[in-house]
Every structure is written in structure tokens, then in C-alpha cells.
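Enquirer: Pasting in a structure now, in C-alpha cells, and then I'll have a few things to ask.
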């Protein structure tokens, strides 16, 4: 396996690892501390009303992997 293909694979895997860890830790932690975060926002913002914050998982990376796989099938030499 060449260094370039190994680096390419690592570059594709790193965001996936980040996403999996984020799903496991970050959303739970954010949800658990939502009221504290909301309070900090209200103290720091100069607006009269602060919108209620909602945390959601960003699935963009799944689309990136799917598009990359499709592009590799269409142009396997690149």
C-alpha cells in the first residue's frame, strides 16, 4: 500500500472516528448541560430574548463519504 493511498484512507477515516466519538460523548454532554449553556448565552448576548438551543447530530459526513465513493466508482484512476 502506497503512502498516498494510506494517507487518503486515514483522511477519510478521521472524520468518521470524530463523528462516532461526537455522537457518543458530545451530544449527551451538551444535552445534559443545555440549561447551563442557555444561561451563559443569555448573560453574554445583548439581545432581549435568547432563542432556545437544540443540539442535533450533523450527518453531513455521511453524505461526503457516499459522494466520495460514487466519484471513485466513476473515476477509479483519480
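What follows is calculated from the coordinates using simple rules that are stated; it is not laboratory data. Quick caveat, the model's predicted, so the values are computed rather than measured. Ideal geometry is used to build each Cβ from the backbone, glycine not excepted, and the neighbour counts take in all protein chains shown.
Enquirer: In 10 Å bins starting at 0, how do the alpha-carbon pair distances of the chain split up by percent?
Expert: 15, 30, 23, 17, 12, 3
Enquirer: If you don't mind, another one. Which FRET efficiency value, to the nearest 0.05, is calculated for residue 67 and residue 23 with the Förster distance at 22 angstrom and r the Cβ-Cβ distance? If you can, show how the numbers build up before the last one.
Expert: Values: r = 21 Å, r/R0 = 0.94.
For residue 67 and residue 23, the calculated efficiency is 0.60.
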